[in-house]
Amino acid sequence: MTQHSEFLLEIRDLRVQFHTDTGLVKAVEGLNFTLKRGEAVGLVGETGAGKTTTALAIMQLIASPPGKITSGQIFFDGKDILTKSEEEKRHIRGKKVAMIFQDPMTSLNPVLTVQEQIAEMIRLHEQVTNKEALEKARAMLQLVGIQPERGPDYPHQFSGGMKQRVVIAIALACNPQLLIADEPTTALDVTIQAQVLELMRELKQHFNTATILITHDLGVVAELCDSVAIMYAGRILEKADARTLYGNPQHPYTQGLFHSIPDLTKNVHRLNTMPGLPPDPTALPPGCCFAPRCQYADEACSANSPDMTEVEPGHFVACFKIQEKNGRQAHG
Amino acid sequence: MIPVALGVTFILFSLLSVTPGDPARLALGEDASEESLNEFRREYGLDRSFLVRYGFFVYNAAVNQDIGRSYVTRRPVAGEMANTFPVTLNLAFGAITFATVLGMTFGIICAIKQYSIFDNVTMVIAMLGISTPIFYLGILFILWFSVRLRWLPSSGFDTLSQRILPWITLSAPSMSIITRMTRSSMLEVIRSDYIRTARAKGQKESVVILKHALQNALIPIVTIIGIQFGLLLGGSILTESVFSIPGVGRLAVEGIKSRDYPIVQGAVLYIAIAYVFINLFVDLLYAWIDPRLRTRYRY
Ligand SMILES: Nc1ncnc2c1ncn2[C@@H]1O[C@H](COP(=O)(O)OP(=O)(O)O)[C@@H](O)[C@H]1O
Ligand SMILES: [Mg+2]
């Protein structure tokens, strides 16, 4: 019997570690995360925050060695995918959860035609003949704005933006319930970025696929996402719907991020640096991971790690100081 | 191909012309009279300068398809080649097939199971395979499998059981190199993004490795196999001597000993031509494997 969960995806206390020569990298460290059906969430954080690792953990594609999921649960559609067999995982990958990788230049197999690469996905998850799969592959090309006649061409005959369109076509070919897009436009030129984002927005309306959009770019999130999760040193520090978070960022780190945007009207969305550096993932601080950089931190912050609390409906923050402040307000 | 044949034979002519030793004396024996020696030299053009001889050789080869006659047996070189070259080709083909099939299999397993016991042991054996001279390996195999265990014959090349030891011996260095090349090439490809894409589709691991990874890893492997095949043709000289196989290699060695220049020239010419064909074949294979090379010509 399948229990119908409110959430399409629910991650509980996920920990992912990499054994490297320089030590044990704690890439994801106690991550909690939920996603509703059809919801588009922006996962925002600096390089090294563990965004890609989280995505690969959901896909069950953490390279092992060196990586390992050491604890936690990932419920997809109410069932923990970590406990499934490799065979069952293969039926989820691609069919139910699809992923778009960061660099389109290297994401496609150079020796296979693009239509073959799309058709492969379709043949894997649908009962079709080879001919039907190729036809559907060409239809997918059309959908992402590439002439279907270009199906028999090879990846090197396409530009970066076109390749990313092919990658998107592969990801959406079997109409997945969840799409994870890992910085889908970072490697592209600015003008091409806009086109690819526009395409993703159209497709999101067309398919209503739940989406995790990983990015550095708060502007992109504002355009495409319903909600935002701020990730730092392997954890989510704050999550809320986009409007709430942009209007009322609570966590000192989130405030720092918004502060570091010089001027929104100048259309500069990239994150600037704030004082200090993210912690070394081989030696995470014992308490709140942001404490060493936080102007409000005290001993309590360095001793224990704060849990997520709901500061207003749908707005979750992991910070002792905010909890204190809200506690005081509630009492006085 | 023609420039290659011309170049190779010219170099060989030059080398043989400065080699000490009198072909006539060696062909006719110690007791031959000065007269018959001169007769022999006139007949084979040995009294002419080396450039004239080379001119005649090229002319005869091009116009009459005649590459001379053996000083010793007095039979046409082409006929001798027809008898011995297929044997050498068989030896080289058998060895390269052996080396390719086993080398690639081992290489793929090593790449998938990097740093495992299998990987480490295979890499050590491959190191030995590369550094052990073929003739030494051949003698070792004969001592072990023919003399001690009495499993396989130590000479000849007519029956399958006679062929196994020479094939293995000749293939050992190439197999080692192909194993290492396959391993490193696969390791590089397996880490690439498109392999992750293939896995993200939900593709089976076996298909990911054999379809997506192998075809991309194949390009440097094919290069190495081509080079190795060429070297094998050369290496067959030693193998043929160790296992008493009547191939071109052994014929050439005897030809050198008896200063039978036409035979040596024929042998080298045939091997050079085979080499050119192998390279041509490898180039065609590239285009077949790698669409980036194919379309470069189309546009
Ligand atoms: N295959 C790997 N081997 C070792 N360390 C890794 C590997 N993948 C990621 N990491 C480490 O995990 C941390 C998180 O990386 P990642 O998930 O790629 O961050 P993000 O995508 O947010 O930039 C980084 O410190 C990175 O160095
Ligand atoms: Mg990343």
Longest principal axis of chain B (C-alpha) makes with the long axis of helix B:214-242 (C-alpha) an angle, in degrees to the nearest 10, of 30 degrees
At 4 °C in a medium of viscosity 1.567 mPa s, chain A has a Stokes-Einstein diffusion coefficient, with Rh taken as the Kirkwood radius over alpha carbon pairs, in µm² per second, of 62 µm²/s
Judged on accessible area alone, 1.4 Å probe, highest first, B:VAL253, A:VAL144, B:VAL72 line up as B:VAL72, B:VAL253, A:VAL144
For region B:199-209, Karplus-derived ³J(HN,Hα) couplings (6.51, -1.76, 1.60; θ = phi - 60°; whole Hz; x for glycine and proline) come out as 5, 5, 6, x, 5, 5, 4, 4, 6, 4, 6
Non-local residues with an amide H under 5 Å from the amide H of A:LEU43, with H modelled 1.01 Å from N and Pro and chain starts lacking one, are A:LEU213, A:ILE214, A:THR215, A:ALA229
Interface residues of region B:278-292, defined as losing at least 50 Å² of accessible area versus the chain alone with a 1.4 Å probe, are B:PRO291, B:ARG292
Contact-by-burial set, region B:199-226, min loss 10 Å², accessible area of protein heavy atoms with 1.4 Å probe, reference chain alone, gives B:ARG199, B:ALA200, B:LYS201, B:GLY202, B:GLN203, B:LYS204, B:LYS211, B:HIS212, B:GLN215, B:ASN216
Nearest-0.05 FRET efficiency for A:GLU132 and A:ARG201 at R0 = 41 Å, using Cβ-Cβ distance, is 0.90
Once A:ARG150, A:ARG93 are ranked on solvent-accessible area with the largest value leading and a 1.4 Å probe, the list reads A:ARG150, A:ARG93
Quick calc of log₁₀ I(q)/I(0), region B:2-63, Debye, one scatterer on every Cα, no solvent, q values 0.16, 0.19, 0.29 1/Å, result -0.60, -0.78, -1.23
Taking A:244-256, B:53-65 and ranking on average Cβ neighbours within 10 Å, highest first, one gets A:244-256, B:53-65
Quick numbers on chain B, Rg and Dmax over C-alpha atoms in Å, give 23.7, 85
Once all protein chains are kept in place, B:SER206 shows an accessible area at probe 1.4 Å, nearest 10 Å², of 70 Å²
For A:LYS26, counting only aspartates and glutamates whose alpha-carbon sits under 14 Å away and dropping same-chain residues fewer than eight positions off, the answer is A:ASP13, A:ASP280
With -39,500 (n - 2.57) per DSSP H segment of 4 or more residues and division by the full residue count of chain A, the 222 nm estimate, nearest 500 deg cm²/dmol, is -10000 deg cm²/dmol
Length gained if B:LEU187 through B:ASP158 is fully extended, taking 0.36 nm per residue and subtracting the Cα-Cα distance, is 6.4 nm
Each label sits 7 Å from Cα toward the beta-carbon; between A:THR47 and B:ILE2 the label points are separated, in nm, by 5.8 nm
Placing each pseudo-label 7 Å from Cα in the direction of the beta carbon, A:SER159 and A:GLU310 end up separated by a distance in nanometres of 4.8 nm
Judged on accessible area alone, 1.4 Å probe, highest first, B:TYR44, B:TYR115, B:TYR275 line up as B:TYR115, B:TYR275, B:TYR44
When the charge dipole of region B:1-118 is computed with +1 at the Cβ of Lys and Arg and -1 at the Cβ of Asp and Glu, the Cα pointing farthest to the positive end, of B:GLY79, B:THR105, B:LEU89, is that of B:THR105
Net charge (Lys, Arg +1; Asp, Glu -1) of residues whose beta-carbon lies under 15 Å from that of A:LEU143, A:LEU143 excluded, is +2
Probe 1.4 Å, heavy atoms of protein chains only: per residue, the accessible area of region B:2-63 in Å² is 63 Å²
Rounded to the nearest 500, the 222 nm mean residue ellipticity computed for chain B from DSSP H runs (n ≥ 4, each -39500 (n - 2.57)) alone is -25000 deg cm²/dmol
Taking R0 as 25 Å and r as the Cβ-Cβ distance between B:VAL18 and B:GLU254, the FRET efficiency 1/(1 + (r/R0)^6), rounded to the nearest 0.05, comes to 0.75
With a 1.4 Å probe and ligands and nucleic acids left out, the total accessible area lost when B pairs with A, in Å² to the nearest 100, equals 2200 Å²
Taking alpha-carbon centroids only, region B:94-146 lies from region A:183-227 a number of Å equal to 51 Å
In degrees, nearest 10, the alpha-carbon axis of helix B:117-131 is tilted away from the dominant principal axis of the alpha carbons of chain B by 20 degrees
Two pseudo-spin positions, 7 Å from Cα along C-beta at A:TYR246 and at A:LYS68, lie apart in nanometres by 4.3 nm
Here P(r) for the protein assembly as shown, Cα-Cα distances in 10 Å bins, as whole percents, is 3, 13, 18, 17, 13, 11, 9, 7, 5, 2, 1, 0, 0, 0
Of every hundred units of 1.4 Å-probe accessible area on region B:174-221, the number belonging to carbon and sulfur atoms, as a percent, is 57 percent
Binned at 10 Å starting from 0, the alpha-carbon pair-distance distribution of region B:147-224 in whole percents comes out as 17, 30, 21, 18, 12, 2
By the mean-Cβ-within-10 Å protection proxy, highest first, B:138-151, B:221-234, A:286-299 rank as B:221-234, A:286-299, B:138-151
Relative contact order in percent for chain B (Cα pairs under 8 Å, 6+ apart) equals 26 percent
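The values are calculated or read from the model by the stated rules, or taken from the named source; none is laboratory data. The shown structure was predicted, so the numbers you read here are calculated from the model rather than taken from an experiment. Positions of Cβ are backbone-derived with ideal geometry, glycine not excepted, and every protein chain shown enters the neighbour counts. Heavy atoms of the whole protein, side chains included, go into the accessibility calculation; ligands, DNA and RNA do not. Shrake-Rupley method; radii C 1.70, N 1.55, O 1.52, S 1.80 Å.
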